[in-house]
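Have a look at the structure below before the remarks.
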Amino acid sequence: MLKTYSLLCWLLSIGICAGFDVVVTESTSIATNDMSLDGQAVLVDGAALTLDGEHVFDRLTLTNGAVLTHSASVSGLVFSVIGRLEVAADSRLDVRGRGYLGGAGGNTYDGGHGPGGGLAQWYVGGGGSHGGTGGTCSDGAGGGTCLM
């Protein structure tokens, strides 16, 4: 459920909401074409916020067990925060089980899938990466590039 911070904080008589435009207190999904939170200072308080598509926040805070994730059918969690991104120790960005599959290795020539997937060659190790192509190595070491 989305509420403006002034109404919610007045009803709950708490000061944590100061400085937020929107407070999310119930599990909420924001679709690719839903820009209702974009440009806002958003507090996710004890709820799951599922973002699909690209979104830009002025400020984003997760607290009290809050979770930020994306739908399994979407290829990634993509968001930007102009100001501060704060994730309390009891909250998380959770993309478990929603990434690209790794490669099988061995003699299958099956490299990693998606952007940054490792390379596969005949009985050669392939390292994954973040934002680029993973390295290859005949001794099976991951990441980087091996001299052969």
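Taking first residues from region 74-86 that are more than 13 Å from LEU60 (Cα to Cα) and partners that are crowded, with 16+ Cβ neighbours inside 10 Å and of a type in the set (A, V, I, L, M), the Cβ contacts under 9 Å between residues at least 6 apart in sequence or on separate chains come to VAL74/LEU51; LEU77/LEU51; LEU77/LEU68; VAL78/LEU51. Screening THR25 against (1) modelled with pLDDT under 95; (2) crowded, with 17+ Cβ neighbours inside 10 Å; (3) within 21 Å of ILE82 (Cα to Cα) leaves a single unmet condition, (3). Scan region 69-81 and tell me whether some residue there is among the aromatic types (Phe, Trp, Tyr) and crowded, with 16+ Cβ neighbours inside 10 Å. Yes, there is a match, as at least one residue in region 69-81 is among the aromatic types (Phe, Trp, Tyr) and crowded, with 16+ Cβ neighbours inside 10 Å.
Specify the residue that is surrounded by the fewest Cβ atoms within 10 Å (Cβ to Cβ); the eligible residues are those in region 47-67 that are under 15 Å from the mean Cα position of the chain (by Cα) and not hydrophobic (A, V, I, L, M, F, W, C). Checked region 47-67; the qualifying residue surrounded by the fewest Cβ atoms within 10 Å (Cβ to Cβ) is GLU54.
The values are calculated or read from the model by the stated rules, or taken from the named source; none is laboratory data. Just so we're clear, the structure is a prediction, and the values are computed from it rather than from any experiment. Glycine also receives a Cβ, built like all others from the backbone with ideal geometry; neighbour counts cover every protein chain displayed.
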